[in-house]
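What follows draws every value from the coordinates through simple rules; no lab data is involved. If you're wondering where the values come from, they're calculated on a predicted model, not measured in any experiment. Here the Cβ is made from the backbone with ideal geometry for all residues, glycine too, and neighbour counts use every protein chain on show.
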Amino acid sequence: MAELLLTRGRRSFDVRYLPGFTPLAAFCLVALYLPLILVIFFSFNAERSITVFSHFGLNWYEEAAQNTFVQNATWLSLKLAFFATLVATTCATMAGLATTRRKPFPGQSVVYGVINQPLMIPEIVTAVALLAFFGAIKQATNVYGFGYLLLAHIVFCIPFAYMPIRARLQDMDLTMEQAAADLYASPWKVFRRVTLPMMIPGIIAGAMLSFVISFDDVIISMLVAGPGETTLPVWMIGQLRRGLTPQINAVSTVLLVITFFVVWMVFVMTTRKR
């Protein structure tokens, strides 16, 4: 009887039964996904119109694939995202080990705040700060190049890689690591043979998330990038100033598919227990 009353009490507080929840949830889903569906739909429009669909065609995908500016911007975005992901994931892995594989220490919350700082501060503020900082360095050293943009992406990708890696480390059972240490394995061997293989799902999830964040970034790339360093999202912003075309819809659809696939892989990696 007590369990039945407890169950009824829990049901009475179910958010699904609150007045207006269902229509509000439906409205949010429509407002979120309907624009994306329209972008995908009109990317297959053979005509230039983005409001009237004439007939099916893949000509805008072919035009985007043959566009030299799209090719160069895509290659730069891929290269930037790859190296930023590689460095950011490595730093996030070391930070995750340093903050989870030791006893709690004074100021631990401050360390978490410092690592997650790019998530808490508005991106435009970070972009302006990096622009001023790198501008001072360029003026003092007269050194220019791709490294500034890469360093900026590494900085704000680290917390995105850190979150799933730290979550994976906290979810791991310490029994096997302790057993390996009891069998006189060195700390390096424990990490290489036990800890690292168990961390792989979290590392892959963090790397995928960092790659998507870096590849899709606009604000920091727009302010920090130098001459000839136009990434694909920045190129799309420039094209939108001239008017929305089905070619932009085609590029957006490809980015949407890639992002959806990567995010889905991150979800799979972070929910796996084995």
*Return the Cα extents of segment 214-274 along principal axes one, two and three, sorted largest first, each rounded to a whole Å.*
48, 29, 14
*asked:* Please enumerate, by chain and number, the aspartates and glutamates with C-alpha under 18 Å from the C-alpha of LYS103, excluding those fewer than 8 residues away in the same chain.
replied: ASP171, ASP173, GLU177
*What chymotrypsin sites (Phe, Trp or Tyr not before Pro) does segment 132-167 have in DSSP loop regions with at most 14 other beta carbons within 10 Å?*
TYR144
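Taking 8 Å as the Cα distance limit and 6 or more residues as the minimum spacing, I'd like the relative contact order of the chain as a percentage.
On the way: 267 pairs, mean separation 82.2, N = 274.
Relative CO of the chain lands at 30 percent.
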*Restricting attention to segment 165-274, which chymotrypsin sites (Phe, Trp or Tyr not before Pro) occupy a DSSP loop and are surrounded by at most 16 other Cβ atoms within 10 Å?*
TYR184
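In the chain, which helices (entire DSSP H runs) extend 18 Å or more along their own long axis, judged by Cα positions, while averaging at least 0.5 on the Kyte-Doolittle scale? Could you put the intermediate results ahead of the total?
Details: long enough: 21-42 (32 Å, 2.46); 68-100 (47 Å, 1.04); 123-141 (26 Å, 1.42); 147-171 (36 Å, 0.92); 196-216 (29 Å, 1.70); 246-271 (37 Å, 1.80).
The qualifying helices are 21-42, 68-100, 123-141, 147-171, 196-216, 246-271.
Only Lys, Arg, Asp and Glu count, each charged at its Cβ (+1, +1, -1, -1), so figure out the dipole size of segment 56-211 about its Cα centre, rounded to 20 debye. Numbers along the way, then the final one.
Details: 10 positive and 7 negative charges, 117 e Å.
Dipole size: approximately 560 debye.
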*Roughly speaking, what % of Cα-Cα pairs in segment 150-274 are separated by over 19 Å, rounded to a whole number?*
61
*What whole number of Å gives the distance from the Cα centroid of segment 11-58 to the Cα centroid of segment 102-161?*
36
*Once you wrap a convex hull around the alpha carbon atoms of segment 106-193, what is its projected area averaged over all directions, in nm²?*
9.0
*Please identify every one of the trypsin sites (Lys or Arg not before Pro) in segment 45-151 that sits in a loop by DSSP and has no more than 13 other beta carbons within 10 Å of its own beta carbon.*
ARG48, ARG102
*Cα-derived Rg over Rh, computed across the chain with Rh taken as Kirkwood radius*: 1.06
